[in-house]
1. Hey, what's the Kirkwood Rh for segment 7-143 if you take every pair of different alpha carbons, in angstrom?
2. Say R0 is 35 Å: what FRET efficiency, to the nearest 0.05, do residue 4 and residue 61 get from their beta-carbon distance?
3. Within segment 112-139, which residues have the backbone N less than 12 Å from the label spot 7 Å out from residue 52 along Cα→beta-carbon, could you tell me?
4. Return the whole-Å distance between the Cα centroid of segment 174-189 and the Cα centroid of segment 1-53.
5. Pairs of alpha-carbon atoms within less than 8 angstrom and 6+ residues apart define the contacts here; what relative contact order does segment 7-143 have, in percent?
6. Just grab the label-to-label distance for residue 101 and residue 174, each label 7 Å out from Cα along the Cβ direction, in nm (one decimal).
7. If we restrict to alpha carbons, what Rg and Dmax does segment 1-59 come to, in Å?
């Protein structure tokens, strides 16, 4: 499942599991993933959250207000993801492919978290006074990517662009050159 994840993204998922265990939860939810992102500390998502003045202490206290710690018991084995956490991972994959990336990094996970607005992580960020749209634009600025276009904008952009940009930049259109009379005559065929 995590084969396309970067090392940092894998670390985030491990930290999310640790946070779930620390809170004595028998599941990994969006709130644990958010805690993992903040705790990781050096990825794109962590830097974006730092820029938005979000730190581990604030997130942890907000999560603890929102969800209570579970009964003190040791959970052995793998912790399952909640349906919302699974949705976040699907959205992260979708965001990565929309940006043309063949990997899933911490930035994609954070984009997935804010896109799943019904999750506890989005609620935590909102409670901390963060506008979810500003998180998205901050990530895209950090990556140097353009914001997603609407359907109408996509259609006009695709009609003006060539279907073969690599071929256009590295090749020569011999048909066009022949029309313009710029090809040397071929003798002896």
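1. On the way: mean 1/r = 0.0682 Å⁻¹.
About 14.7 Å for segment 7-143.
2. Values: r = 33 Å, r/R0 = 0.94.
The pair residue 4/residue 61 has a calculated efficiency of 0.60.
3. 112-117, 121-139, by backbone N distance to the label point.
4. Here the two parts' Cα centres lie 61 Å apart.
5. It rounds to 30 percent for segment 7-143.
6. Going from the residue 101 label point to the residue 174 one covers 4.2 nm.
7. Both quantities, over Cα of segment 1-59: 11.3, 32 Å.
Readers should treat all values here as calculations from the given coordinates under stated rules, not as data from a laboratory. Quick caveat: nothing in here was measured; it's all calculated off a predicted structure. Glycine also receives a Cβ, built like all others from the backbone with ideal geometry; neighbour counts cover every protein chain displayed.
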